[in-house]
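Asker: Pasting a structure here, questions to come.
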């Protein structure tokens, strides 16, 4: 049986000219801004135009484009190698090329007998996984006889062990600056989305707890925080800035671990590595260390392969009713 695995990710601009249309696609998604059309289109056009100059500066730090596609393709290649010749792994980005319709065409051209949808978001949110899955089901309705979904994997052993190994390497270096505090930094969400039942924050907390257990460090000082807040609405917290301020007041080194990202992109390479590093220095934090995302770490890739073999094996451990962990209707 020929099985296609579709890796979903956010996507990112592949040139500075693509920054504004990428942002427009992001803010024109109903899962991000819930206004009806044409108001959402108008607001997305306004926001993307206003934010594009700053975003272009951010991507200029990254060589003029996002590195996300190349890293996601590396993950796809690594996963396909582990799975074997009866599997084809394709990439579907939500807001920039290759879009879901392009991935769908690859799956059809290959002649897949079944499809497994595998978002590269360990924790489920309606704004990420939910949006990608909804779009795929709309595009692919009735085209494949068997479609399964891996909705989330916040406590997946391969993700946990890869994260723990990468964090431990930075933690051991940080010990030279004092007793470190581990900060799990995740992308934030408006509080209103969580209040509607989105399980993302709860699953971030589950991921952090199992990674801390895997680290096995007695008396580990750790906290969860959230980055990338935009707008005036209330967001879940505490913010990463607030936790860095607390570390500065306590004069402890920090190890920052991006717990909700599995690839490097602007939020890690610019926000964490440049902006928050400068903030840490200005706050007098004695050492700032940042753990890498899991990317194509063998533990993570083999963990994904096990999820593909049995997509529902972790159902009930973390999934909520909004996770869509079921076969396509």
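The values are calculated or read from the model by the stated rules, or taken from the named source; none is laboratory data. Just so you know, these numbers come straight off a predicted model, no measurement behind them. We place every Cβ from the backbone using ideal geometry, glycine too, and count neighbours over all the protein chains shown.
Asker: When you go through (1) under 30 Å from residue 28 (Cβ atoms); (2) in contact with a strand residue (DSSP E or B) (Cβ under 9 Å, 6 or more places away or on another chain) one by one for residue 142, which number turns out not to apply?
Answerer: (2)
Asker: Further, regarding this structure: Any residue at all in the range 51-66 that's in contact (Cβ under 8 Å) with a residue 40 or more places away in the chain, surrounded by 20 or more Cβ atoms within 10 Å (Cβ to Cβ) and touching a strand residue (DSSP E or B) at 6+ places or on another chain (Cβ under 7 Å)?
Answerer: Within the range 51-66 (the criterion being in contact (Cβ under 8 Å) with a residue 40 or more places away in the chain, surrounded by 20 or more Cβ atoms within 10 Å (Cβ to Cβ) and touching a strand residue (DSSP E or B) at 6+ places or on another chain (Cβ under 7 Å)), the answer is no, since none of the residues qualifies.
Asker: In the range 176-215, which residues are in a strand (DSSP E or B) and in contact with a helix residue (DSSP H, G or I) (Cβ under 9 Å, 6 or more places away or on another chain)?
Answerer: Taking the range 176-215 and keeping what is in a strand (DSSP E or B), we get 181-187, 190.
Correct list: 181, 182, 183, 184, 185, 186, 187.
Asker: Counting only residues that are under 22 Å from residue 151 (Cα atoms) and either out of contact with any strand residue (DSSP E or B) (no Cβ under 9 Å at 6 or more places or on another chain) or not assigned by TED's automatic domain parsing to the domain that holds residue 281 (or both), how many does the range 174-226 have?
Answerer: Final tally of qualifying residues: 13.
Condition check ((1) touching a helix residue (DSSP H, G or I) at 6+ places or on another chain (Cβ under 8 Å); (2) free of Cβ contacts under 8 Å to residues at least 60 places away in the same chain) across all residues:
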{"position": "251", "(1), (2)": "no, no"}
{"position": "258", "(1), (2)": "yes, no"}
{"position": "263", "(1), (2)": "yes, no"}
{"position": "268", "(1), (2)": "no, yes"}
{"position": "275", "(1), (2)": "no, yes"}
{"position": "282", "(1), (2)": "no, yes"}
{"position": "285", "(1), (2)": "yes, yes"}
{"position": "291", "(1), (2)": "yes, no"}
{"position": "294", "(1), (2)": "yes, no"}
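Asker: Another question about this same structure. On the basis of being under 26 Å from residue 274 (Cα atoms), free of Cβ contacts under 8 Å to residues at least 60 places away in the same chain, within 22 Å of the chain's Cα centre (by Cα) and surrounded by 14 or more Cβ atoms within 10 Å (Cβ to Cβ), does residue 19 make the cut?
Answerer: In short, yes.
Asker: How many of the residues in the range 113-129 are outside any loop (DSSP other than H, G, I, E, B) and buried (at least 18 other Cβ atoms within 10 Å of the Cβ)?
Answerer: 6
Asker: It is to be established whether one or more residues within the range 130-148 are within 29 Å of residue 201 (Cα to Cα), assigned to a loop (DSSP other than H, G, I, E, B) and either over 17 Å from the mean Cα position of the chain (by Cα) or in contact (Cβ under 8 Å) with a residue 12 or more places away in the chain (or both).
Answerer: no
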